């Protein structure tokens with residue numbers, strides 16, 4: 001953190017060359033950290049067969065979990081059933097309104 005303070009102080013002192021040097025050092029450290037993390041991720045993927053995106057089982061809601069557990073055929077059947085029922089609600093309508101109209 002002191003590097004950033006030094007950079008700001010150099011800029012305030014109008015010593016822009018030193019401020020630029022400090023900025024370059026800070027940026028190269030951050031870039032190197034990101035590159036190291038990416039190397040570790042790739043090494044895990046290549047040598048350990050680990051893929052962080054496949055390992056994640058983080059679903060937001062129960063509906064997402066249910067949908068993830070359904071086969072493609074079950075999803076297609078549910079979509080077909082929904083389209084067959086043809087129940088599309090506006091924001092101001094509710095299911096009770098639809099049921100009342102049918103009677």
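The slack in the chain from residue 74 to residue 35, taken as 0.36 nm per residue of separation less the alpha-carbon distance, amounts to 9.8 nm. Between residue 4 and residue 62, the modelled labels are 4.4 nm apart [label points 7 Å from Cα along Cα→Cβ]. If a/c stays under 1.5 just call it rounded; otherwise compare a/b with b/c (prolate if a/b is bigger, oblate if not). Do that for the range 2-54, with a ≥ b ≥ c from the square roots of the Cα gyration tensor eigenvalues. Note, shape of the range 2-54 comes out prolate.
We did not get these values from a lab; they are worked out from the coordinates using the rules stated. From a predicted model like this one, the values you see are computed outputs, not experimental measurements. Counting neighbours? That spans all protein chains shown, and the Cβs are built from the backbone with ideal geometry, glycine included.
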